[in-house]
Amino acid sequence: MDILSMTLEEMTESFKENSIQGFRAKQVYEWLHKHQVLDYDEMTNLSKSLRDELKEKMPIICCSYVGKQVASDGTVKMLYSLPDGDYVECVVMKYKYGYTICVSSQVGCRMGCAFCASTLGGFKRCLTPGEILSQVYIAQKEIGERISHIVLMGMGEPLDNFDNVMRFITLVTDEKGINLSMRNISLSTCGLVPKIRELLSKHLQLTLSVSLHAPNNEIRNKIMPVNKRYHIEELLDMCREYTKETSRRISFEYSMISGLNDSDECALELARRLKGMLCHVNLIPINEVEESPFKPSSPERVKRFSQILEKNGITATVRRKLGSDIDASCGQLRLKQNKGKGDLSS
Ligand code: SAH
């Protein structure tokens with residue numbers, strides 16, 4: 001395992017195996033995770049010879065900063081390159097309660113949602129825990145502000161990279177490191193039911209978001225291939241169980257596509273399905289992706305849909321659309337970079 005993905009205990013063990021004094025592990029761990037220093041040469045309390053030894057034996061595998069785009073509303077989109085030449089992106093948004101970062105968990109995605117840019121180039125690979133962490137660490141340095149909230153809503157399906165994402169969560173909430181609150185982490189899934197069950201067994205205090213985007217199998221099948229494997233009934237049963245056992249409210253993401261999932265009937269059906277569940281619906285007019293035929297619902301339609309949900313006892317918010325002038329939706333920036341159309345300042 002790479003050093004940035006190790007817990008302090010694992011690092012100590014690994015140092016001993018490499019005949020490096022155990023207490024050095026604590027120093028390196030603090031540099032990496034408390035001070036977010038990702039370069040051995042900046043670890044000034046280590047000797048030059050030890051730094052050289054570490055560089056050779058335990059290279060730090062992480063993202064490198066390529067550039068950023070800043071939207072008129074202050075949203076910052078960061079583009080990183082990976083050691084093997086691929087790109088990943090993350091977005092930093094400013095809210096009243098602090099800075100939130102949206103991180104990627106995979107390069108590409110294999111879920112195949114019809115409206116999503118992340119899936120267009122297919123799936124390349126899962127990110128290591130350290131590569132996910134470094135998105136947070138580098139962004140914090142670049143914007144010069146403390147990041148307090150994390151959403152796993154960038155490129156990739158986090159539950160399709162389960163072990164690495166769990167390890168990322170362990171490290172990012174470690175009080176010996178950046179020490180984020182578990183309650184400030186949201187994980188979003190397209191609905192991999194067995195993996196939601198596995199997540200439940202860990203009883204974490206994070207927020208689970210589920211990308212629903214449709215009130216029934218007929219519509220969901222058209223836009224989300226995962227629904228053919230795990231039908232909406234099975235998914236919502238799992239969600240019910242999840243909220244009952246954790247007492248945590250689930251957020252349902254609902255991207256509104258004109259003429260497809262945004263009718264009054266859809267709103268009523270959705271309200272019926274979710275009745276009595278500890279949940280909340282986030283309505284987001286879909287972000288247009290060049291390659292896809294879907295158009296966003298009009299603001300009036302979104303408002304009406306939201307009102308029908310509310311009238312039927314389901315709380316809903318219309319998500320503030322941040323950063324739409326900088327292609328800040330799932331997979332869009334990387335897509336441009338890969339096509340040679342990137343427009344970044346570094
Ligand atoms: N794979 C995970 C998390 C990543 S996507 C998931 O599916 O939940 C984060 C959210 O953005 C998901 O709800 C996803 O469905 C949504 N999304 C993807 N492309 C979008 C687009 N073009 N417009 C609006 N929402 C989009």
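The values are calculated or read from the model by the stated rules, or taken from the named source; none is laboratory data. Since the structure is predicted, the reported quantities are computational estimates derived from the model, not experimental observations. Cβ: placed from backbone, ideal geometry, glycine included. Neighbour counts: every protein chain shown.
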(message) Among the listed residues Leu204, Leu199, identify the single one that is more than 12 Å from the ligand (Cβ to nearest atom), part of a helix (DSSP H, G or I) and surrounded by 17 or more Cβ atoms within 10 Å (Cβ to Cβ).
(response) Leu199
(message) All but one of (1) touching a helix residue (DSSP H, G or I) at 6+ places or on another chain (Cβ under 7 Å); (2) in contact (Cβ under 8 Å) with a residue 40 or more places away in the chain; (3) buried (at least 19 other Cβ atoms within 10 Å of the Cβ) hold for Leu187; state the number of the condition that does not hold.
(response) (2)
(message) List the residue pairs whose Cβ atoms are under 7 Å apart, where the first residue sits in the stretch 83-99 and is modelled with pLDDT under 90, the second is assigned to a loop (DSSP other than H, G, I, E, B) and surrounded by 14 or more Cβ atoms within 10 Å (Cβ to Cβ), and the two are 6 or more positions apart or on different chains.
(response) Glu89/Ser104; Glu89/Gly154; Glu89/Met155
(message) Please pick out the residue among Tyr97, Tyr80, Tyr65 that is among the aromatic types (Phe, Trp, Tyr) and either in contact with a Cys (Cβ under 7 Å, 6 or more places away or on another chain) or under 22 Å from Gly122 (Cα atoms) (or both).
(response) Tyr80
(request) Please find, within the stretch 246-301, the residue that is nearest to the ligand (Cβ to nearest atom) out of those that are within 18 Å of Arg319 (Cα to Cα) and charged (D, E, K, R). (result) Glu253
(request) Search the stretch 260-283 for residues being part of a loop (DSSP other than H, G, I, E, B) and not small (Gly, Ala, Ser), and hand back the single one that is surrounded by the fewest Cβ atoms within 10 Å (Cβ to Cβ). (result) Lys275
(request) Scan the stretch 153-177 for residues that are within 15 Å of Glu30 (Cα to Cα), touching a residue at least 60 places away in the same chain (Cβ under 8 Å) and either within 15 Å of the ligand (Cβ to nearest atom) or buried (at least 21 other Cβ atoms within 10 Å of the Cβ) (or both) and jot them down. (result) Leu171, Gly177
(request) Please name all residue pairs, on different chains or six or more residues apart, with Cβ atoms under 6 Å, provided the first residue is in the stretch 62-80 and is surrounded by 22 or more Cβ atoms within 10 Å (Cβ to Cβ) and at pLDDT 95 or above and the second residue is aliphatic (A, V, I, L, M) and assigned to a loop (DSSP other than H, G, I, E, B). (result) Cys62/Leu38
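Which of the following residues is of a type in the set (Val, Ile, Thr), touching a Lys or Arg at 6+ places or on another chain (Cβ under 9 Å), within 25 Å of Gln205 (Cα to Cα) and assigned to a strand (DSSP E or B): Val92, Val151, Val107?
Among Val92, Val151, Val107, only Val92 is of a type in the set (Val, Ile, Thr), touching a Lys or Arg at 6+ places or on another chain (Cβ under 9 Å), within 25 Å of Gln205 (Cα to Cα) and assigned to a strand (DSSP E or B).
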